[in-house]
Amino acid sequence: MNNEQSHIIRSWTVVTYPQDFSNNGGDLGPQTILRLEKLVETYNLGKYKISAIVLACGLGPNKYEYPNQSESFAVMMKRWLVNEGSIDPSIIHCSQNDRVWNCIEVTLEMTDMINRSHLSRNILVVSTGFHIYPRMWITWKILCSMNDSWKSAYIPAWNGKYSIIHESAGTVKYLVLALWYRLTKKF
């Protein structure tokens, strides 16, 4: 079996990240929907055997900026995946921790959920391309390198918007935090 075929046989846990709201927090924004559409497209193509989807992002910390947000980002994304993407709700795992907000907190919450639920440690990160490369690619590579039972692959949606300054600063910050987590926690 070659490397191209091995991903079909493995069971994968998909992770994705929210990015934006519309309607002052009442609805998912276009960049978040773009990521979810890429997840649904990947799921439907069948190139990866997806056994679980993990969503972990809570309530926006600024209630003045997002006064219409009445439920967590993770729950909003799950509803979208079920209603718009026809994904089986039984494979979607949402964090109950509404305090996680930034990507590193979300990533660490995802790893905890994967461990607690005994989900596949073959992680398929689906997001906009410039969010994955380099920020989430570096973060997941560092985390997955801690233990041979963790593997990672990446599916980018390249038509998303991004800020080079935001992504560069996030990459530096997440590199440090991922290394700290790797050195201080059992993974």
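Read-outs: derived from the displayed coordinates by stated rules, not from any lab. As the structure is a computational prediction, the values presented were derived from the model and not from experiment. In this analysis, Cβ positions are derived from the backbone assuming ideal geometry, glycine residues included, and neighbour counts consider all displayed protein chains.
Quick notes
- In this rough spin-label picture, where each label sits 7 Å from Cα along the Cβ direction, the Glu65-Asn115 distance is 3.0 nm.
- Here the label points at Ile9 and Ser51, each 7 Å from Cα along the C-beta direction, are separated by 1.4 nm in the simple model.
- Derived scalar couplings between HN and Hα for the stretch 124-139 equal 10, 8, 10, 6, 5, x, 7, 7, 5, 9, x, 4, 6, 4, 4, 4 Hz in order, rounded to whole Hz, by the Karplus curve 6.51 cos²θ - 1.76 cosθ + 1.60 (θ = phi - 60°), x for Gly and Pro.
- Pairs from Lys47/Lys151; Lys47/Lys78; Lys63/Lys141 whose Cα-Cα separation, in the structure shown, is over 25 Å: Lys63/Lys141
- Annotation: amide H of Ser152 within the under-5 Å range of Ile123, sequence separation 5 or more or interchain, hydrogens built in the peptide plane.
- Each residue of the stretch 16-33 was assigned a 3J(HN,Hα) from its phi angle through the Karplus expression (A = 6.51, B = -1.76, C = 1.60, θ = phi - 60°), giving 9, 10, x, 10, 8, 10, 10, 6, 6, x, x, 9, 6, x, x, 6, 5, 5 Hz with x at Gly and Pro.
- Restricting the stretch 19-96 to trypsin sites (Lys or Arg not before Pro) that sit in a DSSP loop and have at most 11 other Cβ atoms within 10 Å of their own Cβ leaves Lys63.
- Residues Val75, Val106, sorted so that the one with the fewest Cβ neighbours within 10 Å comes first: Val75, Val106
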